[in-house]
Amino acid sequence: MSNEAERRVLVVHLPGGDGLCIGCRAWWSRLTPYPCWQVDWAISRQARSLTAAVLGGRA
Ligand SMILES: [Zn+2]
């Protein structure tokens, strides 16, 4: 499994000056406070894969 999906989410979903997620507004015209659930998902996925790497690849 690659990290491409997570990276793509984190590239697009950025905090706007008004505290809302730029990516959610651009993709869905949805006003979502940042961090949105997609960012939470991507960060938790990255943290888990990092933990797995530290533990020697055990998932
Ligand atoms: Zn978002």
Filtering segment 1-21 down to residues that are surrounded by 17 or more Cβ atoms within 10 Å (Cβ to Cβ), assigned to a helix (DSSP H, G or I) and near the ligand (Cβ under 9 Å from one of its atoms) yields V9
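Do the conditions hold for V39, that is, is it touching a Phe, Trp or Tyr at 6+ places or on another chain (Cβ under 9 Å), among the hydrophobic types (A, V, I, L, M, F, W, C) and assigned to a helix (DSSP H, G or I)?
Answer is no for this residue.
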**OP:** Report yes if some residue within segment 33-54 is among the basic types (K, R) and touching a Leu at 6+ places or on another chain (Cβ under 9 Å); otherwise report no.
**Re:** no
Expected output for segment 33-46 (first residue closer than 12 Å to V12 by Cβ, partner assigned to a helix (DSSP H, G or I), Cβ below 6 Å, 6+ apart or cross-chain) is C36/C24; Q38/V9; A42/E6; A42/V9; A42/L10
- [ ] Take R45 and decide whether it is in contact with an Asp or Glu (Cβ under 6 Å, 6 or more places away or on another chain) and surrounded by 11 or more Cβ atoms within 10 Å (Cβ to Cβ).
- [x] yes
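Read the figures in this text as sums done on the coordinates, not as results from a lab. These numbers come from a predicted model, not from an experiment. Every residue, glycine as well, gets a Cβ built from its backbone with ideal geometry; the counts of neighbours run over all protein chains shown.
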